[in-house]
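First up is the structure itself, then whatever we jot down about it.
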Amino acid sequence: MTPRPTADPTVGDRIRDRRLRRGWSIRYAASRAGVSHATWSRIERGLQAADNRFMLADLATALDCSPAELAGTAVPAGDRDAVAAHAAVNTVRRALVDLDLSAPGPSEGPPLAELARTVALLDTLRQACDYAGAGRLLPPLLRGLHAAVHTGTDRAEALRLLCDVTFIASSVLRNLGHPAESWLGAERCRDVAEAAEDPVLLGYAAYARACAANACGSYDRGYLLAERAVDALRPHAARPGAPEMIGSLQLNCAYASRGRKRPDDSRAWSDEAAALAGRTGETTTLGLFFGPTNVNIWRIGIETDGDDPGLAASIARDTDPAALPIGFRQVFFYTDTARALARLRDRDREAIRLLLAAERVAPQHVHTSSLVRETARALLERSRRIAGGGELRAFCGRLQVG
């Protein structure tokens, strides 16, 4: 049997295509991934949503590819901003490749004060999940700050700003479904932090690298990066921003531990981060918004992907996303809780309501998320067997899920 191409391949289509190209049976491929052949078959046939990050990583490892290759980066043509965001990826990638602190950058650039104002605007766009707007600002900012590091009068401030910009570049690229490019941005962030010789910024860069590694399905690497950074930062815990950075790295350890199939370690790291958040309260340090609410949002995602949707839903009931006045964390609350509810009995209407809320908060993020597409597809299939579902069908139409 040979794979048949489709005009709009689903994750299941891509999994089936790669399996058949290797000439493997479902039973053999499933054994490589450590899942049942029935589960593999349901995912291929679209009867089970492939919206679990950890399982998707297992399937990708079995097929010798990356999770991103299975997830795809489908972008609805009707969302011009989402299309523009993806169109900017190559330009951002090229600017990151060109950013080499060991070599002189552009001979001149805008004044540092002007660059600082643009960095503030970039962070505002990032927090609103306006990836198209961020994509337009990133390349000239990377070039301008590179020049400022070498030719400006305030090298320390230029390095601090450049650390923020490379971090944001990594975050935007990761959320657009480009984890390898996200890793490149995180590596550049590390280069800048090392040049700045600031332990908190080094932790910040390690956080970016760990997030990118986890997005690639490299959970062992993500865990090692975050754990080492926690240990390196503890002697500097009295520095401004260090406690919040340590807590954010602990959340990364919790997430990577679940990806490594160590749920007890994951919950221990989450508990440690929660205890620290109880002391720091809600914060805005380094734009990470570490605090009790964000700890819960991380825990919802971890438990959803860790196959305990009931616990994820329980945590969500006790979490008020409005405590964080920013879209880029709220959207994860809504989408991850929706994914959890979609796996529970008779909770589809709540899941749909949360997906619509996520779309209102951050349409570009939702419209380019493969996990959201898979959850919406599964909900749509179930809705066809029951009355109603008009709002869901309209939502799926905007995602081009049919």
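The values are calculated or read from the model by the stated rules, or taken from the named source; none is laboratory data. It should be emphasised that the depicted structure is a prediction, and the values quoted were computed from it without experimental measurement. Backbone-built Cβ (ideal geometry, glycine too); neighbour counts: all protein chains shown. Surface areas here come from the heavy atoms of the whole protein model, side chains and all, with no ligands, DNA or RNA. Shrake-Rupley method; radii C 1.70, N 1.55, O 1.52, S 1.80 Å.
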**Alpha-carbon radius of gyration plus Dmax, which is the widest Cα pair, for the stretch 109-248 in Å** = 14.7, 42
**Request:** With only alpha-carbon atoms counted, please give the Rg and Dmax of the stretch 300-344, in Å.
**Result:** 9.9, 29
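Thinking of the stretch 330-402 as a set of Cα atoms, what percent of all their pairs are more than 21 Å apart?
On the way: 326 of 2628 pairs.
When all Cα pairs of the stretch 330-402 are counted, 12 percent exceed 21 Å.
Mind ranking 187-199, 327-339, 359-371 by how tightly packed they are, going by the mean number of other C-beta atoms within 10 angstrom, highest first? If you can, show how the numbers build up before the last one.
Values: 187-199: 20.5, 327-339: 25.3, 359-371: 22.5.
Packing order, densest peptide first, comes out as 327-339, 359-371, 187-199.
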**Message:** Let's test this: bin the Cα-Cα distances of the stretch 197-308 at 5 Å from zero up to the farthest pair and state each bin's percent.
**Reply:** 2, 14, 25, 27, 20, 9, 2, 0, 0
**Message:** Using only the alpha-carbon atoms, what does the stretch 269-345 span along each of its principal axes? Please give whole angstrom values in decreasing order.
**Reply:** 38, 25, 18
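How large is Rg over Rh for the stretch 157-224, taking Rg from the Cα atoms and Rh as the Kirkwood inverse mean of 1/r across Cα pairs?
Looking at the stretch 157-224, the ratio lands at 0.97.
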**Request:** Count neighbours as other Cβ atoms within 10 Å of each site's Cβ, and list the trypsin sites (Lys or Arg not before Pro) in the stretch 230-286 that are DSSP loop with at most 13 such neighbours.
**Result:** 261
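Accessible area per residue of the chain at 1.4 Å probe, in Å²? It would help to have the intermediate numbers written out before the result.
On the way: 17030 Å² over 402 residues.
Dividing the accessible area of the chain by its residue count gives 42 Å².
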**Complete:** Matching label for the computed Rg and Dmax of the Cα atoms in Å, out of [x] 23.7, 93; [y] 21.0, 67; [z] 29.7, 106, is [y]
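Using alpha carbons only, what's the Rg to Rh ratio of the stretch 271-402 with Rh from Kirkwood? Walk me through the numbers before you get to the answer.
Numbers: Rg = 15.2 Å, Rh = 15.2 Å.
So for the stretch 271-402, dividing Rg by the Kirkwood Rh gives 1.00.
Please list, by residue number, every one of the chymotrypsin sites (Phe, Trp or Tyr not before Pro) in the stretch 1-90 that is coil in DSSP and has at most 12 other beta-carbon atoms within 10 Å.
Values: sites: 24, 28, 40, 54; in loops: 24.
Listed in order of number, the matching sites amount to none.
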**Message:** Placing +1 on the Cβ of each Lys and Arg and -1 on the Cβ of each Asp and Glu in the chain, which of 363, 85, 342 has its Cα farthest towards the positive end of the resulting dipole?
**Reply:** 342
**Fill in**
Expected vector for the stretch 261-272, Karplus 3J(HN,Hα) from phi with 6.51, -1.76, 1.60 and θ = phi - 60°, integer Hz, x for Gly and Pro, equals 6, 10, x, 5, 4, 4, 5, 5, 5, 4, 5, 5
**Asked** Taking the Cα atoms of the stretch 18-64 alone, what are Rg (to one decimal) and Dmax (as a whole number) in Å?
**Response** 9.6, 25
**Prompt:** Can you give the direction-averaged projected area of the convex hull of the alpha-carbon atoms in the stretch 5-144, in nm²?
**Reply:** 11.6 nm²
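Rounded to the nearest 20 Debye, what is the dipole magnitude of the chain about its Cα centre when Lys and Arg each give +1 and Asp and Glu each give -1 at the C-beta?
Details: 52 positive and 48 negative charges, 329 e Å.
In total the dipole reaches around 1580 debye.
Per DSSP H run of at least 4 residues, take -39500 (n - 2.57); add these up for the chain, divide by its residues and hand me the 222 nm value, nearest 500 deg cm²/dmol. Write down the numbers at each step before the final one.
Working: 22 runs with 287 residues, N = 402.
After summing the helix terms and dividing by the residues of the chain, the value is -22500 deg cm²/dmol.
Using the Kirkwood radius over C-alpha pairs as Rh, can you work out the diffusion coefficient of the stretch 69-150 via Stokes-Einstein at 4 °C, viscosity 1.567 mPa s, in µm² per second?
Numbers: Rh = 13.9 Å.
My calculation gives 93 µm²/s for D.
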